[in-house]
Every structure is written in C-alpha cells, then in structure tokens.
Amino acid sequence: MKKIKEFLVENSIRLSGVIIILIVILIFIFLFKNAIALFQNYSLKEFLTGKQWYPISEPPKFGIVPLLLGSLLVTVGASIISIPLGISCAVFISEIAPQFLKDTLKALIELLAAIPSVVLGFVGMVTLVPFIRSVFNLPTGLTALSGSIMLALMAMPTIVSIAEDALNAVPKAYKEGAYALGATKWQVIHRVILPAAFSGLVAAIMLGIGRVIGETMAVMMITGNAARIPHSFLEPVRTMTATIAAEMGETVRGDLHYFALFAIGLVLFLITFVINLIADIALNRSRR
Amino acid sequence: MKRLSPKLTQTLAYIFIITSTLIVILPILGVLFLIIKRGLPAINWEFLTQMPKMGMKAGGIFPAIVGTFYLIIGTLIFSLPLGVLAAIYLVEYARENIFTRIIKLSIVNLAGIPSIVYGLFGLGLFVIFLHFGTSILAGSLTLAIMSIPVVVTATKEALESVPNSFREVSLSLGATKWQTIRHAVLPYALPGIITGTILSLSRAAGETAPILFTVAAFYLPRLPRSIFDQVMALPYHLYVISTQVPNMPLKLSYGTALVLLGLVLFLNLWAVIIRTHFRKKKKW
Amino acid sequence: MVADSVKIKTEDLNIYFGNVQAVKNLNLEIFRNEILAIIGPANSGKTSFLRMLNRLNDLTPGFSYTGKIYLEGQEITAIPVEELRKRIGMVFALPVPLPVSVYDNIAYGPRMRGIRKKSQLDTIVESALKEAYLWDEVKDRLKDNAFLLSGGQQQRLCIARTLANQPEVILFDEPCSGLDPVSTAKVEETMLELKNKYTVVLVTNNTKQAARVSDRTAFFLMGELIEISSTSEIFTNPRDKRTEDYISGKFG
C-alpha cells in the first residue's frame with residue numbers, strides 16, 4: 001500500500017515537471033506560429049522597416065518603426081532619469097545610510113515595487129500629465145516625457161535593489177585596503193566599490209530597462225496613443241506594449257491584424273530575452 | 001580649473017547622492033499620501049458592497065472586488081500545485097544535464113516576459129483556441145501561467161536553502177526519497193514557498209494586461225454565475241473609469257485605487273510577516 | 001577469525017567519482033561483532049568506502065563503481081536500499097540533528113518504517129537513548145529541540161537515532177572530529193559497549209583513537225588497502241613501511 005502511494009506521488013511530481021516543460025514549449029510555439037503567420041501575407045521587411053502603422057486602412061500597413069521608436073524613446077527617457085538616480089540611491093542605502101534609515105528606505109522601495117502599474121498610471125494621469133501640460137504649454141500632457149518620468153519611477157525598485165545587492169557583495173577586504181591608504185569614503189566608493197560592483201550594476205540596469213520596455217498600463221494611460229513617429233519628448237507616442245493592449249479587442253481571430261499583434265509580441269519577447277540574457281551573464285560575472 | 005580637494009569632492013558627491021535618494025523617495029510617499037487622502041473619503045460600506053450606478057459614476061465597486069477575489073483563487077488553484085511540484089521535480093529528482101539547464105533557463109526567461117504578451121497568449125490559447133471565451137477560467141489560467149515562473153523560482157530557492165545534511169540523514173535512516181522530501185525537506189521549505197506564492201498572487205491581483213481580453217468585463221450588472229462567465233476586476237475597473245468614463249468623479253477613482261492598493265499591500269504584508277517570523281524561528 | 005562470522009565482504013571494489021578513482025581493487029572482510037578501524041591520510045578513500053556500504057554514494061553525481069559487496073553473503077544491490085540502510089546505520093562527522101525534538105529525532109527511522117503506536121515508539125526511544133548513554137541527561141527534555149543540546153550530546157543523539165532502527169552494522173565516519181575531549185571519551189565508551197550487539201566500522205583520522213577502541217585496524221593509502229590486522233599488531237609491528245611511517249607521524 002505504501003509502495004503504491006509512493007509510486008503515485010513520485011510520478012505526479014515527474015508529471016508536473018513534464019507539464020511545465022510542455023507549457024514553456026507551448027508558449028514559445030504559440031507565439032512564433034501566430035507571429036510568423038503574418039509574414040505569409042505581409043512582407044517581413046515592410047514590417048520591420050515600415051514607418052506607418054495603420055492596421056485598419058485598406059490595404060493595412062503594419063510598419064513597426066513608429067511603435068519601436070515610441071518604446072525606444074520612452075525607455076531612453078526613463079533610463080536617463082532612473083539610472084543615475086537609482087544607482088545613487090543604491091549607493092546611499094548600501095554605503096552611507098545609518099542602519100535604521102537603511103531598513104526604512106528598503107521597505108519604501110519594496111512598497112513601490114508592490115504598487116500595481118495601473119494605480120501608478122492613474123496617479124500619473126491625474127497629477128503628472130496636467131502638470132507637464134501646463135509647464136511646457138502643450139496641447140496635451142500625454143507625452144513621452146510624462147511616460148518616461150512615470151516609468152523611471154516604476155523601474156526604480158528593480159534598479160535600486162539589484163544594485164544594492166551588487167554593492168553589498170563587494171568584499172570587505174577591498175574597502176578596508178583603500179581606507180588603510182587614507183582614502184575618503186567617497187574615493188573608496190567611486191574608485192573601488194563601484195568598479196568592483198560593475199557587473200552587478202549592469203545587471204540592475206538591464207533588468208530595469210527590461211521592466212520599462214514591458215510596461216503596458218501606465219504607458220497606455222500616460223503617453224497618449226498616437227502611433228506616429230515621434231519627433232520630440234513632448235509629443236504623444238505609442239509603445240509596442242500599448243499597441244497590443246489597445247488593439248487586441250479590435251481584431252478577429254485569424255485576420256492579418258491579429259497576427260500582426262503577435263508579431264509585435266514576438267519582437268517584445270525577443271528584446272526582453274536578449275536583455276535578460278545580458279543581465280544573466282552580468283550577474284554570473286559578478287558572482288565569481 | 002584647479003583640482004578640487006578630496007573632501008570637497010566628497011561633499012559634492014554626497015549632496016548629489018542624497019538629493020537623488022530624496023527624488024526617489026519623495027514621489028513614493030507622495031503617491032501613497034495622495035491615494036490615501038483622496039481615496040479615503042470614498043470608502044464606506046456602500047462603496048464596498050454595492051454595484052456601480054449611473055454608468056459607474058456612482059455607487060460601489062462590489063462586483064470588481066468579488067471578481068478580483070475569484071481571479072486570485074483561480075490563479076492559486078492553477079499555479080500553486082503545478083509550480084510547487086514542478087520545482088520539487090527540478091530540485092530533488094531531475095538529473096543535472098543540458099536538458100534541465102535549458103528548462104531552468106526558460107523558466108527564468110518566462111518570468112521576464114511583459115505581462116501583455118501573456119495576455120496575448122491567453123487570448124489566443126484559452127479564449128479562442130480552447131473556446132473558453134472571455135471567462136474567469138481563461139483569465140485565471142492566463143494569470144496562473146504568468147505566476148508559475150515566480151512560484152517555481154521561489155519554491156526552488158526555498159528547497160535549495162534546506163541543508164543537504166537533512167536529506168542525507170533522512171536517507172541514511174532508511175527513508176525513501178519521497179519520505180525524505182515530505183518530512184525532512186518540505187517542512188523547512190514551506191515558509192519560503194508560502195511567501196513566494198503570496199507575492200505572486202498579490203502581483204496577479206494587480207495586473208491588468210493579462211485580463212484585458214481574457215476575462216475583464218466593462219460592466220456586469222450581476223455577479224458571475226460560473227467559471228465561464230466574465231467578471232469585473234479591480235485593476236481593469238480602475239483603468240476603465242479613468243480613461244473611458246467621461247466626467248468620472250475623481251473621488252471614486254481614487255477610492256478604487258485605494259482599495260486595490262490596500263488589497264495588494266495587505267497580501268504583501270502577510271508575506272513579509274511570514275518571512276520574518278520563520279527566519280527568527282530557524283534553528284539551523 | 002572463523003570464515004562464517006564474516007559480516008561484510010568486498011570483492012574487487014573500485015569506486016569512481018567522474019574520472020577520479022577513489023578506491024582501487026579493494027578486497028576486505030569485516031567480521032561480526034568486531035570494531036574495525038580504518039585509518040589513513042586525507043583522500044585515501046576511507047569515507048568513499050564507508051559510504052559504499054550504506055549506498056550513500058548513490059547521492060553523489062558522477063559516482064560509479066565496479067566489484068561486489070556482500071552483507072551476510074547477500075549482494076547489497078539485491079537488498080532494497082531502504083532496508084539496507086536500516087540494517088547498516090551511519091553516524092556522521094558533524095552532529096546533524098534534525099530541527100525537531102529529541103524524541104522526534106530518535107523516532108524518525110521507526111516512523112518512516114511505519115511504526116506509529118505511541119507506546120511502541122516510547123519504548124524504542126528510551127532504549128535507544130539508554131544504549132547511547134544519553135537517557136539520563138535528556139529524559140526530562142525529550143520535547144526540547146535537538147539543537148539545544150551540546151555538541152557531544154547531539155552526537156550521542158545521532159548514535160541513538162541510528163540505534164532506534166535496530167541495525168546490524170553501525171558505520172562511524174570520523175564521529176569525534178567536532179567534539180571536545182570529554183565528549184569524545186563518552187562517544188568512544190559508547191562504541192566499546194556497542195560491539196557486543198553490533199558490528200562497528202570506524203573511519204578515523206586519529207590513530208590514537210583507533211588504538212584505543214578497535215579490535216582490528218585497516219590502513220588505507222591513496223585508495224588502496226595497504227595493510228589490515230589486529231590493532232595491537234598494526235601499532236606495534238606493522239608489516240608495511242608506509243603503515244609504520246603513517247602511524248609514527250612521518251606523514252599524514
């Protein structure tokens with residue numbers, strides 16, 4: 001009797017392992033299959049280089065460039081803001097803050113990480129967007145700039161916590177050696193600790209960027225939804241993620257538009273895959 | 001320009017660093033403060049227990065709360081057993097070879113995929129291909145698939161943190177492999193597993209993109225009757241009332257945001273409590 | 001010693017971990033109710049050999065072996081591994097209690113084999129603790145977590161835990177390496193008593209301990225059995241020069 005029970009349990013466990021593998025494969029296949037279906041009736045080159053995204057025109061145009069640039073613009077903007085701020089904040093927490101402050105700050109950062117993106121999108125929509133509009137005297141505050149600011153805030157917990165781990169992992173011996181030579185704390189930080197933690201910091205940045213690129217709701221609520229090529233930060237843009245979300249409801253299964261959205265999904269998937277790969281390599285380097 | 005003294009450089013650097021930290025921290029406090037201050041007035045018994053009225057501009061958010069609860073439970077049912085068992089397989093049974101390494105790598109990558117891609121996948125597979133339609137079933141499955149990498153990773157780490165000596169001792173006393181897992185490993189991995197699961201559920205509760213077209217209903221005048229029914233949900237409700245309802249009273253939107261935020265933070269708080277409590281009790 | 005009192009026998013045993021050979025061509029007999037000490041410098045294959053007997057090497061990736069091992073004339077691969085491990089118990093180098101109560105530690109083995117009645121378990125726990133000379137010290141603390149015991153007590157707990165399975169053979173893998181001299185003495189005293197009922201194999205880095213406790217001693221060097229004879233013989237009149245050098249401290 002015991003033997004039977006043992007047999008059942010062990011095989012359920014193996015079965016779960018197999019199911020997980022199947023799910024992973026299924027996701028990949030489903031994504032690929034539906035994305036590739038686009039290119040049976042639409043040129044791949046046109047998709048990758050076309051500057052017009054007009055899915056409902058006759059014939060439809062599925063050029064991903066405006067969406068790619070939209071994502072890029074917002075990501076670059078968010079990075080410019082969040083990377084220096086995030087790394088500095090991590091340095092503060094890890095090297096400068098007294099213990100009681102450390103715990104409070106870390107708790108606050110974790111708190112930020114838990115806030116759902118739709119909530120941040122909502123708050124940004126009703127506070128930041130009108131603010132940008134009035135400050136820059138624009139017809140609308142729904143701009144790439146607003147999106148960048150909000151996304152920078154959302155990327156912060158990722159960047160700060162991974163960077164902080166990397167800084168903490170720097171062996172004490174490095175720091176003690178530098179202090180023994182009479183360096184000031186700041187000199188130790190920027191000449192010894194930061195370079196030593198470099199790989200970990202790269203991972204933090206990569207994962208922060210990955211977070212930004214994948215964000216959907218906040219951008220939908222804040223960047224406007226103009227699928228045109230942006231010329232400045234003060235214009236509305238449309239990201240790849242927002243496009244999928246906004247247009248998903250308008251497609252019919254099996255039509256070109258449906259496949260085109262999967263094609264965007266595939267591009268997103270590949271981009272985040274590469275980013276995660278780089279982050280992974282960087283993290284492995286930092287662990288040696 | 002003359003070289004600045006090290007002391008001066010340090011002071012300038014410190015000013016920059018501290019300012020940066022403030023720039024990061026103040027918005028967090030600002031957002032929290034704003035949501036509480038402007039959302040609290042909307043919270044009352046009616047708000048939490050009544051259906052929306054007047055095109056959502058009045059009344060309560062009860063169906064959205066109920067919907068979110070159903071989705072949380074559905075996600076739990078589909079993601080917990082599978083995720084935990086699969087992690088046990090990967091850590092305790094699977095042999096170290098190129099195949100298992102690819103699997104582990106894939107799971108890590110799955111965790112990084114944008115949530116909208118999961119929504120797309122859920123739409124294509126569950127809603128359309130399997131004919132589940134826009135339903136609690138499709139939505140829960142989509143959220144579950146999104147949560148599984150997190151549950152697997154958390155379980156994996158929890159299992160790996162149990163000292164190997166426990167396994168050796170148990171086996172050397174004549175226990176079978178499953179007995180060893182059940183009595184000498186799992187009880188000590190449980191806090192980590194529970195914490196990870198709660199955190200994954202709290203994330204699922206707050207996500208909008210995966211439920212946009214797999215389950216969410218704009219307005220449903222009644223509660224769902226079966227798992228094949230559509231349902232309202234808090235994150236989607238917040239999105240809809242802020243972007244698609246003209247002249248929406250801001251107070252109610254803030255109220256909805258507060259309820260959602262409160263739910264998510266409540267779950268996270270439990271995860272933290274469990275984690276700290278068991279860390280203290282650890283005897284090894 | 002008479003041939004039919006052979007408890008364990010190895011035939012041409014070779015143990016490999018990946019490409020590294022840990023034990024070469026081992027032919028060894030262990031007799032019933034003796035204490036056999038195995039001495040030798042680090043990496044001589046002592047522990048690898050010991051872990052062969054209760055098949056713990058199965059847990060190590062890259063492990064493989066050739067040759068045969070017999071327990072009471074039966075090949076150990078023909079015995080279900082859980083039963084083998086009940087009959088051959090092991091005490092490890094560092095005390096490794098499970099983070100449960102003293103009682104639950106001792107009752108672990110019996111429970112895994114299906115014994116559930118409290119009265120039965122109570123008897124088993126008490127007699128195991130008495131055999132390990134730990135009963136008097138913990139009889140009022142059976143519900144305490146095992147980690148609250150001192151190092152020496154924990155190690156005797158581990159011995160009692162093995163005894164609760166009513167084994168035939170007990171393997172000791174450098175059991176006193178983490179203990180103070182007083183605890184070491186207590187463990188050695190226990191070992192001497194145990195040989196009346198059990199067969200004991202003791203791997204130790206401490207040649208003096210081997211001299212104090214064992215009936216026969218085997219000297220391993222670089223995976224090979226160099227010499228094996230009665231303890232008094234080996235320590236006063238070793239046949240191989242390498243044995244003599246090791247015992248006199250010239251290397252190791």
Based on alpha-carbon centroids, what's the gap between the stretch B:34-61 and the stretch A:1-68 in Å, whole number please? 39
Where the centre of each part is set by its Cα atoms, how far does the stretch B:80-111 sit from the stretch A:98-142, in angstrom? 36
Restricting the calculation to Cα positions, tell me the Rg (one decimal) and the Dmax (whole number) of the stretch A:149-250 in Å. 19.8, 67
Classified through the alpha carbon gyration tensor (a ≥ b ≥ c as square roots of its eigenvalues; rounded if a/c is under 1.5, else prolate when a/b is larger than b/c, else oblate), the stretch B:20-115 comes out oblate
Filter the DSSP H helices in chain A by two things, a Kyte-Doolittle mean of at least 0.5 and an axial alpha-carbon span of 20 angstrom or more, and list the hits by number. A:2-38, A:65-91, A:99-114, A:144-168, A:198-214, A:256-287
With +1 on the Cβ of every Lys and Arg and -1 on the Cβ of every Asp and Glu, the dipole magnitude of chain A about its Cα centre, in debye rounded to the nearest 20, is 620
When only alpha-carbon atoms are used, what values of Rg and Dmax, in angstrom, describe the stretch A:212-288? 15.8, 51
Relative contact order of the stretch B:45-281, please, whole-number percent, based on alpha carbon pairs below 8 angstrom and at least 6 residues apart. 27
Restricted to the protein assembly as shown, the DSSP antiparallel beta bridge percent, nearest 5, is 60
Debye equation applied to the C-alpha atoms of the stretch B:162-236, log10 I(q)/I(0) at 0.19, 0.20, 0.22 Å⁻¹: -0.79, -0.84, -0.94
Considering the dipole of the stretch A:53-287 built from charges on the beta carbon (Lys and Arg +1, Asp and Glu -1) around the Cα centre, which of A:LEU234, A:GLN187, A:LEU72 is farthest to its positive end? A:GLN187
Straight distance only, please: which lysines reach the Cα of A:LYS33 with their own Cα at less than 19 Å, same-chain residues fewer than 8 apart left out? A:LYS45
Return the inverse of the average 1/r over all pairs of distinct C-alpha atoms in chain C, which is the Kirkwood hydrodynamic radius, in Å to one decimal. 18.7
Send over the semi-axes of chain B's equivalent ellipsoid, whole angstrom and largest first, taken as the square roots of 5 times the C-alpha gyration tensor eigenvalues. 37, 32, 19
At q = 0.05 Å⁻¹, work out log10 I(q)/I(0) for the protein assembly as shown with the Debye formula, treating every Cα as an identical point scatterer and leaving solvent out; two decimals please. -0.38
Over the stretch C:3-247, calculate the relative contact order: mean separation of alpha carbon pairs under 8 Å at least 6 apart, over the residue count, as a percent. 28
I want to check the label-to-label distance for C:LYS139 and B:ARG95. Put each point 7 Å from Cα in the C-beta direction and report it in nm to one decimal. 5.2
Would you list which aspartates and glutamates come within 16 Å of A:LYS61, measuring only between C-alpha atoms, while excluding same-chain residues fewer than 8 positions from it? A:GLU46, A:GLU247, A:GLU250, A:ASP255
Given charges at beta-carbon only (K, R positive; D, E negative), |dipole| of the stretch C:3-247 in Debye: 600
To the nearest whole number, what is the average tally of beta carbon atoms from other chains within 10 Å of the beta carbons of peptide A:261-267? 3
Sequence-distant lysines (8 or more away, or on other chains) whose Cα lies within less than 25 Å of B:LYS53: B:LYS37, B:LYS251
Using a 10 Å cut-off around each Cβ of peptide B:159-168, what is the average number of partner chain Cβ atoms that fall inside? 2
With 21 Å as the limit, write out which pairs from B:LYS104/B:LYS281; C:LYS139/C:LYS186; B:LYS282/C:LYS117 have Cα-Cα distances beyond it, or answer none. B:LYS104/B:LYS281; B:LYS282/C:LYS117
Fraction of the pair-distance distribution of the stretch A:23-88 above 13 Å, Cα-Cα pairs, percent: 73
Could you tell me which of B:LEU141, B:GLY122, B:GLY196 has its Cα farthest along the dipole of chain B towards the positive end, charges placed at Cβ (Lys, Arg +1; Asp, Glu -1), taken about the Cα centre? B:GLY196
With +1 assigned to the C-beta of every Lys and Arg and -1 to the C-beta of every Asp and Glu, and no other charges, what is the dipole magnitude of the protein assembly as shown about the Cα centre in debye, to the nearest 20? 1320
Kirkwood Rh over Cα pairs of the stretch C:86-178 into Stokes-Einstein at 20 °C, 1.002 mPa s: D in µm²/s? 166
Kirkwood Rh in Å, taken over all unlike Cα pairs in the stretch B:129-284: 18.4
What per residue convex hull volume, in Å³, comes out for the stretch B:35-76 when only alpha-carbon positions are used? 88
Could you give the distance between the Cα centres of the stretch B:177-236 and the stretch C:9-74, to the whole Å? 50
Among A:PHE273, C:ILE38, B:LEU22, whose Cα lies farthest out toward the positive end of the dipole of the protein assembly as shown, if unit charges sit on the beta carbon of Lys, Arg (+1) and Asp, Glu (-1)? B:LEU22
Which pairs break 18 Å Cα to Cα here: C:LYS7/C:LYS195; B:LYS177/C:LYS86; C:LYS24/C:LYS68; A:LYS106/B:LYS156? A:LYS106/B:LYS156
Please compute the alpha carbon radius of gyration of the stretch A:53-287, then divide it by the globular-protein estimate 2.2 N^0.38 Å. Two decimals is fine. 1.17
Over the stretch A:102-252, what is the relative contact order in percent, taking alpha-carbon pairs closer than 8 angstrom and at least six residues apart? 31
Can you sort A:GLU58, B:GLU96, A:GLU95 by how many other beta carbons sit within 10 Å, fewest first? A:GLU58, B:GLU96, A:GLU95
For a protection proxy built on the mean count of beta-carbon atoms within 10 angstrom, sort C:138-146, A:266-274 highest first, please. A:266-274, C:138-146
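Read-outs throughout are calculated quantities, based only on the coordinates presented, and are distinct from any laboratory measurement. In this text the structure is predicted, and so the values were computed from the model without any measurement. Backbone-built Cβ (ideal geometry, glycine too); neighbour counts: all protein chains shown.
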